[in-house]
Amino acid sequence: QVQLVESGGGLVQAGGSLRLSCLVSGRTSSSRFMGWFRQAPGKEREFVAGISWNGFVLYYGDSVRGRFAISPDAARNTVYLQMNNLKPEDTAVYYCAASTAAIARTVGEFGSWGQGTPVNVSS
């Protein structure tokens, strides 16, 4: 069983930065590929970024490419999401997720989820 715990969310002004962390416990073949998603009120859960533990495979959602950076730290069993130049439309609950697949980008491909951490960007 993989457990995921997110941290680092909060309130920030537009143009600011935040770094989210996802601590992974019980890391096994159940967490080959890690992802970050977000869900704003009234909207569907959206893929933000995904990465393999060796860092060789990574993807970004169109709305965050060039502003966000995902990175793994295998020694600390942690995946980070550095968010720069934040915009009000980035406001959402951010979720960490783990997939047994080598590459995954849809909600259905991720079998383990954290509780989420809220990010609120004020204008």
Hey, what do the phi angles of region 84-93 turn into as Karplus ³J(HN,Hα) couplings, whole Hz, using 6.51/-1.76/1.60 and θ = phi - 60°, x for Gly and Pro? 10, 6, 5, 10, x, 6, 7, 4, 4, 8
Among S63, S21, S112, which one moves the most in a GNM of the chain with springs linking Cα atoms closer than 10 Å? S63
If all Cα-Cα distances of region 14-79 are sorted into 10 Å bins from 0 onward, what percent lands in each bin, rounded to whole numbers? 19, 50, 27, 4
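When you count, for each residue, the other Cβ atoms within 10 Å and take the mean per peptide, how do 40-49, 2-11 rank with the highest first?
On the way: 40-49: 14.7, 2-11: 16.4.
Ranked by mean Cβ neighbours within 10 Å, highest first: 2-11, 40-49.
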Can you work out the accessible area per residue across the chain, with the rest of the protein chains kept in place, probe 1.4 Å, in square angstrom? 51 Å²
Heavy-atom accessible area of D90 with all protein chains present, probe 1.4 Å, nearest 10 Å²? 0 Å²
For W36, W53, write out the residues from largest to smallest accessible area, computed with a 1.4 angstrom probe and no ligands counted. W53, W36
Whenever you get a sec, line up V12, V57, V79 from highest to lowest accessible area (probe 1.4 Å, protein heavy atoms). V57, V12, V79
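The values are calculated or read from the model by the stated rules, or taken from the named source; none is laboratory data. Bear in mind the structure is a predicted one, so any value in this text is a computation, not a measurement. All Cβ positions, glycine included, derive from the backbone under ideal geometry; neighbour counts span all protein chains shown. The accessibility values were calculated without ligands, DNA or RNA, using every heavy atom of the protein model including side chains. Shrake-Rupley method; radii C 1.70, N 1.55, O 1.52, S 1.80 Å.
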